[in-house]
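All remarks here apply to the structure that follows.
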Amino acid sequence: MIARRVFMYLFLGVTAFVSIFPFLWMVVSSTNPSVEVTKGRLMPGTHLFVNLSNLVERIDLVRALANSLVIALITTGLALLIGSLAGYGFEIYRSRAKDAVFNILLLSMMIPFAALMVPLYRMFAWLSGKMPVIGIDTKAAVILPTMATAFLIFFFRQNTKMFEREMIEAGRIDGLGELGIFLRIYVPTMRTTYAAAAIITFMSSWNNYMWPLVVLQSDAKKTIPLLISNLGSSYSPDYGMIMTAIVIATLPTALVFFLMQKHFVAGMIGSVK
Amino acid sequence: MDGSIQGVSVSAGKGVCITVSIRMRTRVTGWCFVIAAVVLICLFYFYPMIQAFNLSLKSGVGTNLQYVGFENYKRLFTDSNFITAVTNTFIYLIVQVPIMIILALLLSVMLNSDKLRLKGLFRTAIFLPCVTSLVAYSVIFKYLFANDGLVNLLLLRLSIIDRPIGWITDPFWAKVTIILAITWRWTGYNMIFYLSALQNIDRSIYEAATIDGASAFGKFTKITVPLLKPIILFTSIMSTIGTLQLFDEVMNITKGGPGNATMSISQYIYNLSFKYTPDFGYAATVSYAIVVLIVIFSYMQFKVAGDRR
Amino acid sequence: MKKWLTVVLAVMLLLSACSSGGGNKQDSSSGGGNGGGDNGGSASGGKEATEITIWAWDPNFNIKALNIAKERYSKINPDVKINIVENAQADIIQKLNTGLGSGTTTGLPNIVLIEDYRAQSFLKAFPDMFYELTDTFNAADFAEYKVGPTSVDGRNYGLPFDSGVTGLFVRTDYLAEAGYSADDLQALTWNEFIEIGKNVKEATGKDMLSLDPNDLGIIRVMIQTAGKWYLDENGEKPFLAGNEALKEAFQLYKEMMEADIVKPNADWSQFVAAFNSGDVASVPTGNWINASIKAESSQAGKWAVVPIPRLAGQPGSVNASNLGGSSWYVLNVPGKEAAADFLAKTFGSDVEFYQELVTEIGAIGTYIPASTGEAYSAADPFYNGQKTIADFAKWTEDIPRVNFGAHTYVIEDILVVEMQNYLNGKPLDDALNDAQKQAEAQVR
């Protein structure tokens, strides 16, 4: 028994260290000047404040963070709503027609985004003429294509397979409408699923690069990954400053994860019945 | 109360559902639930996909495109770059995905045990790679795996090897490096899915099994894995798709090198669209080649999982 | 319930975001923000262009140059609002290709900076999208080697900007230990360079240079000294098999690797680290590496710049070459005349402007009249008082003119593979022949 526990802690410890190491290096590098960073220095330095003030001077950090945050929050909220409704719908109200539609929807995940970029851009360029508020260079243009993904629908559907149908019947007997069952029984039960989906969606929206790159034009609208990319494109990049920017950009996702992971706690079972 | 909830659902894009009979009600309600997603995906995915398919039948430079029918598709078979890219991507798929899934399963089971302390810490640590920025970890990987980097130094010190390995400069080892990078990055991601699903398994099942005398390994293989099958299928398909579309790691760590020993299909598409003189038509063709591959592999996995499809 | 909260929050945010999306805040950082409306002043109708948008990369170099130009121009023509948007170079290429490829003009800038190796690719791919500049400036005032890549059929589309003129930056202290001084290195051939490298390695243990196996920039430098390129004179067909200069370059590369004087790097930061940490004795590359070399201030006084070596086996090979360099292009969208005027009055004719570029940024332009200015004859203490700018300007005039064509990167990717094969034992002629065949298949 002891051996098993020791092995487990050891395994987890090594895995955790290997996982964390690059992140630690990132944080350490943000406290060093560029020349030290390129030499691969592992010891923390005293350059953090300098890097930070250079960074704030260079780019509008706060606005980029705000842009990223607004986009990520809205996308996550809407995507979770639409995705879970659809996943629930496909699984609980199963029918041959719906299965066929579902399979077709899955196809949309299989095409690399690079192939969709030019047609999507053309679509939004056309929209810029009719309805500029959702055209090129707007937050809405970034959010709209990422709001509904077959990924989330698939995810919710698979998790719904583990959901107990008796609860639905019980809900119907209690006189709840279909949407009521969804909101008052399904959603609370599937809390951990929502938590996982929230993390993944937030993260993917926050780190989304290609589409915002192409659709956002003015500095005021740009998101954080785009600005960080600018920092690196130089004949003589300031690596300390870049690392500082990256650390700051990484904090929100780490925070979201930390908040959500508390929901992965057993104890849900039993309380439902 | 019911009315106000309906109100919210209306603003989110559903219609009000008028019902006739229970069965009709179920059918119509079902469609109400899924309609928003279906419309959005059709608009923002299928419409561009059709245009992309149209593009794949054309060839030319920039905006001077002419219809060439299926010429582009025929070209795939004699394009040595494409063939190399497909071979590389397959290698990643077959080696990396199983390793990662098994690893993620083990980790999630370990981190789900009641008796383990510091759970939150371990989970955050193992998830951190997903959150670490691409730029940061690719620079670090390049440093660690450089010819005179830490990994080689360590291996030399421990006498596991007697000459430095060209982790990035050798065609074979570069592929290994990519596989390590992908595994490092995405294991935590898949672990999250398993962890959240594990919460939905009733503890009493395990307790009953313990009383019956089942070992930890037995519990794992006979209870956990079968119950998690839907999620395992999900992560397996997503990993397949992710690996077949692999781009970030290859672009940033090895740039497809040495030569094109680690080039992936998506990187080839990027090169065709942006690095070289843009041939959007052929790039679209290569994209559809990926789609076909993904469809084949996903179908195979669905069949193996025995899902009623 | 948490779900409620999410929904409510989402709706609130959606409403607030939509309203702020319409009337966006002023962008104060890049001067001249856009009032209401959506994008940075391009195609969507409105007044005839009192606002132009420029895309460029590198805040310490190109963007700074633009800001100086903007200031000077505002004295001539204060009514024009100039919007400078910074993007990474790779990002600009992606955005430009996507925008131009979609066939619309929404979101496109008025002026864009494009690397010379790539320019023909854009000009050929999107022929109607660029505005002709032939009559707005005097092309004869610019270094000859820049005019070719920026024109099509004799019509100028690009206004040449920075000089990618190469030099051999050397560590005088390491050389001294091996018995050399900078004066010995004034007219080297690459063979002599390798010899020196071996001696330096023996005397100091340091490698001579650092190379990235995925980037054959040094091959490009070598063959341009002989006036040759990956393509034939018309810039149309791949010219790899039978290209003597290329053959010699490949042989020299292999010799360097086998002489063990090369420190491999996988990344720009490792490349910079190699000379910042003093691990290499020389850096043969474009003059723009200057800022990175100077970043390691502890090495002041230990560097000098000598002419780039030439190919011994190619008659007519000179000690001057080019790596990189970009030019300004005007897109065929509303605002093009104003944009062309801005460029013409600053980058196209202002001698004092070029002096400022040197003193403020260390940027060397390719405008010939500028080299008579003061800043060009300044001595640089970092290089022990050497008049580096004057040297670079002189070498710029000697750079052989080459037609980069539209296929540099495709061919280079093919050559990178064949180089690996060659280094691993494949006969050179076979490697180049295979490369030729592949290039012909890829280039259509």
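The values are calculated or read from the model by the stated rules, or taken from the named source; none is laboratory data. Please read all numbers here as calculations on a predicted model, not as lab measurements. When we count neighbours, we look across all protein chains shown, and the Cβ atoms used for this are built from the backbone with ideal geometry, even at glycine.
Every residue, every condition in (1) closer than 22 Å to C:PRO59 by Cα; (2) modelled with pLDDT of 90 or more; (3) not in a loop (DSSP other than H, G, I, E, B), yes or no:
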site	(1), (2), (3)
C:ASN319	no, yes, no
C:VAL333	no, yes, no
C:VAL358	yes, no, yes
C:ALA363	yes, no, no
C:ALA370	no, no, yes
C:THR396	no, no, yes
C:VAL402	no, no, no
C:VAL417	no, no, yes
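Hey, among C:SER349, C:SER321, which residue is among the hydroxyl-bearing types (Ser, Thr, Tyr) and under 27 Å from C:TRP229 (Cα atoms)?
Numbers: C:SER349 fails: under 27 Å from C:TRP229 (Cα atoms).
One residue alone meets the criteria, C:SER321.
Look at C:ILE111 and say whether it is surrounded by fewer than 20 Cβ atoms within 10 Å (Cβ to Cβ), touching a Leu at 6+ places or on another chain (Cβ under 8 Å) and either in contact (Cβ under 8 Å) with a residue 12 or more places away in the chain or closer than 25 Å to B:PHE274 by Cβ (or both). Give the derivation first.
On the way: surrounded by fewer than 20 Cβ atoms within 10 Å (Cβ to Cβ): no; touching a Leu at 6+ places or on another chain (Cβ under 8 Å): yes; either in contact (Cβ under 8 Å) with a residue 12 or more places away in the chain or closer than 25 Å to B:PHE274 by Cβ (or both): yes.
No, not satisfied.
Can you find, within region B:194-251, the residue that is farthest from A:ARG191 (Cα to Cα) among those that are more than 10 Å from chain A (Cβ to nearest Cβ) and among the aromatic types (Phe, Trp, Tyr)?
If we take residues in region B:194-251 being more than 10 Å from chain A (Cβ to nearest Cβ) and among the aromatic types (Phe, Trp, Tyr), then B:PHE217 is farthest from A:ARG191 (Cα to Cα).
Among the residues of region B:264-296, which ones are farther than 25 Å from B:ASN252 by Cβ and in contact (Cβ under 8 Å) with a residue 24 or more places away in the chain? Write out each step before concluding.
So the first thing to find is which residues in region B:264-296 are farther than 25 Å from B:ASN252 by Cβ, and the list is B:281, B:285, B:288, B:292, B:295-296.
B:GLY281, B:THR285, B:TYR288 - these are the residues of region B:264-296 that are farther than 25 Å from B:ASN252 by Cβ and in contact (Cβ under 8 Å) with a residue 24 or more places away in the chain.
Which helices (runs of 4 or more DSSP H) sit wholly inside region B:59-162 and have at least 3 residues that are away from chain C (no Cβ under 14 Å)?
It comes to B:80-110, B:119-131, B:150-157.
Would you confirm whether any residue within region A:119-130 is without any contact (Cβ under 8 Å) to a residue 12 or more places away in the chain, in contact with a helix residue (DSSP H, G or I) (Cβ under 6 Å, 6 or more places away or on another chain) and facing chain B (nearest Cβ under 8 Å)? It would help to see each step written out before you state the result.
Kept after step one, since they are without any contact (Cβ under 8 Å) to a residue 12 or more places away in the chain, are these residues of region A:119-130: A:119, A:122-123, A:125-126, A:128-130.
Those left that are additionally in contact with a helix residue (DSSP H, G or I) (Cβ under 6 Å, 6 or more places away or on another chain): A:119.
Remaining after also requiring facing chain B (nearest Cβ under 8 Å): A:119.
Yes - at least one qualifying residue is present in region A:119-130.
Can you name every residue in region C:263-303 that is closer than 27 Å to C:TYR376 by Cβ and β-branched (Val, Ile, Thr)?
Result: C:VAL272, C:VAL283, C:THR285, C:ILE289, C:ILE293.
Here is a check on your reading of the model: is C:TYR376 of a type outside the set (A, V, I, L, M, F, W, C) and within 29 Å of C:ASP183 (Cα to Cα)? Before you say what the answer is, go through the steps one by one.
Details: of a type outside the set (A, V, I, L, M, F, W, C): yes; within 29 Å of C:ASP183 (Cα to Cα): yes.
For C:TYR376, the condition - of a type outside the set (A, V, I, L, M, F, W, C) and within 29 Å of C:ASP183 (Cα to Cα) - is met.
For A:ARG94, work out the one condition from (1) within 7 Å of another protein chain (Cβ to nearest Cβ); (2) modelled with pLDDT under 90 it doesn't fulfil.
(1)
What is the one condition in (1) buried (at least 23 other Cβ atoms within 10 Å of the Cβ); (2) touching a Leu at 6+ places or on another chain (Cβ under 9 Å) that A:LEU120 does not satisfy?
The single condition A:LEU120 does not satisfy is (2).
Here is a list of conditions, (1) within 25 Å of C:LYS247 (Cα to Cα); (2) touching a residue at least 12 places away in the same chain (Cβ under 8 Å); (3) within 14 Å of another protein chain (Cβ to nearest Cβ); (4) of a type outside the set (Lys, Arg), and C:ASN433 meets all of them except one; can you say which number that is?
With (1) within 25 Å of C:LYS247 (Cα to Cα); (2) touching a residue at least 12 places away in the same chain (Cβ under 8 Å); (3) within 14 Å of another protein chain (Cβ to nearest Cβ); (4) of a type outside the set (Lys, Arg) applied to C:ASN433, the lone miss is (3).
Restricting to region B:49-86, give me the number of residues that are under 28 Å from A:MET109 (Cβ atoms), surrounded by fewer than 20 Cβ atoms within 10 Å (Cβ to Cβ) and aromatic (Phe, Trp, Tyr).
4
A:VAL214 is checked against (1) more than 26 Å from B:GLY242 (Cα to Cα); (2) at the interface with chain C (Cβ under 8 Å from one of its Cβ atoms); (3) in contact (Cβ under 8 Å) with a residue 40 or more places away in the chain and fails just one. What number does that condition carry?
Only one criterion in (1) more than 26 Å from B:GLY242 (Cα to Cα); (2) at the interface with chain C (Cβ under 8 Å from one of its Cβ atoms); (3) in contact (Cβ under 8 Å) with a residue 40 or more places away in the chain is unmet by A:VAL214, namely (1).
Output yes when any residue across region A:182-189 is modelled with pLDDT of 85 or more, facing chain B (nearest Cβ under 9 Å) and buried (at least 21 other Cβ atoms within 10 Å of the Cβ), and no when none is. Talk me through it step by step, then tell me what you get.
In the first step, residues of region A:182-189 are kept if they are modelled with pLDDT of 85 or more; the result is A:182-189.
Cutting the leftovers down to facing chain B (nearest Cβ under 9 Å) gives us A:182-184, A:189.
Among the residues that remain, those that are also buried (at least 21 other Cβ atoms within 10 Å of the Cβ) are: A:182.
Scanning region A:182-189, I find at least one residue that is modelled with pLDDT of 85 or more, facing chain B (nearest Cβ under 9 Å) and buried (at least 21 other Cβ atoms within 10 Å of the Cβ), so the answer is yes.
Determine, yes or no, whether A:MET241 is more than 8 Å from chain C (Cβ to nearest Cβ), more than 15 Å from A:GLY83 (Cα to Cα) and in contact (Cβ under 8 Å) with a residue 40 or more places away in the chain. Write out each step before concluding.
Details: more than 8 Å from chain C (Cβ to nearest Cβ): yes; more than 15 Å from A:GLY83 (Cα to Cα): yes; in contact (Cβ under 8 Å) with a residue 40 or more places away in the chain: yes.
Answer is yes for this residue.
Consider B:THR277 against the criteria (1) more than 8 Å from every other protein chain (Cβ to nearest Cβ); (2) surrounded by 22 or more Cβ atoms within 10 Å (Cβ to Cβ): it satisfies all of them except one. Which criterion is unmet?
Exception for B:THR277: condition (1).
Name the single residue that is surrounded by the most Cβ atoms within 10 Å (Cβ to Cβ) among those in region B:174-206 being at pLDDT 85 or above and of a type in the set (D, E, K, R).
Checked region B:174-206; the qualifying residue surrounded by the most Cβ atoms within 10 Å (Cβ to Cβ) is B:ARG185.
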